[in-house]
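Trainee: This is the structure I want to talk about, given as structure tokens.
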Ligand code: FES
Ligand SMILES: [Fe+2]
């Protein structure tokens, strides 16, 4: 096979539609340097990640998760504000798993150290000899302090700002990118006009491969053609698009127009690093639906995906309940995940064994946003090196069962949802009918 070096990224005009390349040619994009373009993305792998929907964080409940394999905990402090701490007790390194949370005070299960909402230990005398701390209390209190990352809520999501290092004092944490980048209103969406459904799934596969999948519109027709309820997305239809790419410091956006009717838009995909993708059609203020996909790198071959589907149609609550719209929508999400999962697992395996390289892509016109993504990813991984403090302890990952709380085997979620549909259908229709028949 012939290797072709095509240096198309040197082009000044980012909106140029790529010409189709020779079949089978391998395109290497190594020579492209993002710094050459003043508009390129300046957000790396450190930044804001939407970890879970706000509704997940219940009062007095600890939510265990991880970022790049670093074990972390989310919870609400005494003022109901969200807090993200290392899942490591500063006393002797136990996990808080099995500990308790009461009105924002977290208690370690090992020796019972209690930590206030602000993160200081409230009962030092419990974990050391009282006479030692009598004279030097402040010094000890400083040492025994929770380590944390910035956390906040926006648009009904809990966001965590993952950075180089956690700190005892949040004021010492630097923020590479503002949270406003991710705010839906700042991206032009009037969220109050929409209603939404969501699902959250923890996959056992590579984080970046899932992002690639969600940036890839070509597979929609082939893999999900029978599932997506849109007559234009169909296995039997071969469509071709013209692609317009916009790159700024904050995002990469790809707009797809039908090739045979360039005035007609098919879809827009907007990637906002590190983990968010927006999918919609047309102008944000006028679009009828918006899909928000969040990708969370839990660890090596572990990734969380939150999909929230906003829509402006079928907003009536009663009607929604009656036709089980939420459940039906979820059924579609699970089916789509199921369709992707085996592919993503095998692809992850192939790339972890280095049988395929991430940035070696058989380039077709529609893959352009994927090329941008890989180029950004490679550069960001080298720059930020988020894994550096974590030794790979595959055999020893005791956290897996705690962290992968949403069964990665999608079937289970699908079955639970199906049972829910049957149960609700019975309660709403069959039971009243039965009662009615008994009465007459
Ligand atoms: S390890 Fe947590 S109190 Fe001792
Ligand atoms: Fe997919």
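Since every read-out is calculated from the coordinates, none of them should be taken as a lab result. Predicted model only: the values in this text are computed from it and were never measured. Cβ sites come from the backbone with ideal geometry, for glycine too, and all protein chains shown count toward neighbours.
Trainee: Report, in whole Å, the centroid distance computed from the Cα atoms of region 286-316 and region 99-176.
Mentor: 32
Trainee: Roughly what % of DSSP beta bridges within the chain run antiparallel, to the nearest 5?
Mentor: 95
Trainee: Would you please give the FRET efficiency between residue 288 and residue 434, computed as 1/(1 + (r/R0)^6) with r the Cβ-Cβ distance and R0 = 45 Å, to the nearest 0.05?
Mentor: Working: r = 39 Å, r/R0 = 0.86.
Rounded to the nearest 0.05, the efficiency is 0.70.
Trainee: Okay, helix-only estimate at 222 nm for the chain: each DSSP H run of n ≥ 4 adds -39500 (n - 2.57), divide by all residues, round to 500 deg cm²/dmol; what do you get?
Mentor: Computed mean residue ellipticity for the chain: -7500 deg cm²/dmol.
Trainee: Just subtract the alpha-carbon distance of residue 246 and residue 118 from 0.36 nm times their residue separation and send over the number in nm, one decimal.
Mentor: Extra length from residue 246 to residue 118 when fully extended: 41.9 nm.
Trainee: Continuing with the same structure: Do you know the relative contact order of region 217-315, to the nearest whole percent, from alpha carbon pairs under 8 angstrom that are 6+ apart?
Mentor: 13
Trainee: If contacts are Cα pairs under 8 angstrom and at least 6 residues apart, what is the relative contact order of region 47-175 in percent?
Mentor: Relative contact order here is 26 percent.
Trainee: On to the next question. Sort 376, 222, 48, 387 so the one with the fewest other Cβ atoms within 10 Å of its own Cβ comes first.
Mentor: 222, 387, 376, 48
Trainee: Along each of the three principal axes of the Cα atoms of the chain, give the extent in whole Å, ordering the values from largest to smallest.
Mentor: 82, 79, 41
Trainee: Taking the simple approach of a point 7 Å from Cα along Cα-to-Cβ for both residue 185 and residue 42, what is their distance in nm?
Mentor: With each label placed 7 Å out from Cα toward Cβ, I get 2.6 nm.
Trainee: Let me know the whole percent of all Cα-Cα pairs from region 47-175 that are separated by more than 20 Å.
Mentor: 42
Trainee: Continuing with this model, one more query. Relative to a virtual label point 7 Å from the Cα of residue 387 in the Cα→beta-carbon direction, which members of region 287-326 show backbone nitrogen distances below 14 Å?
Mentor: Correct set: 297-303.
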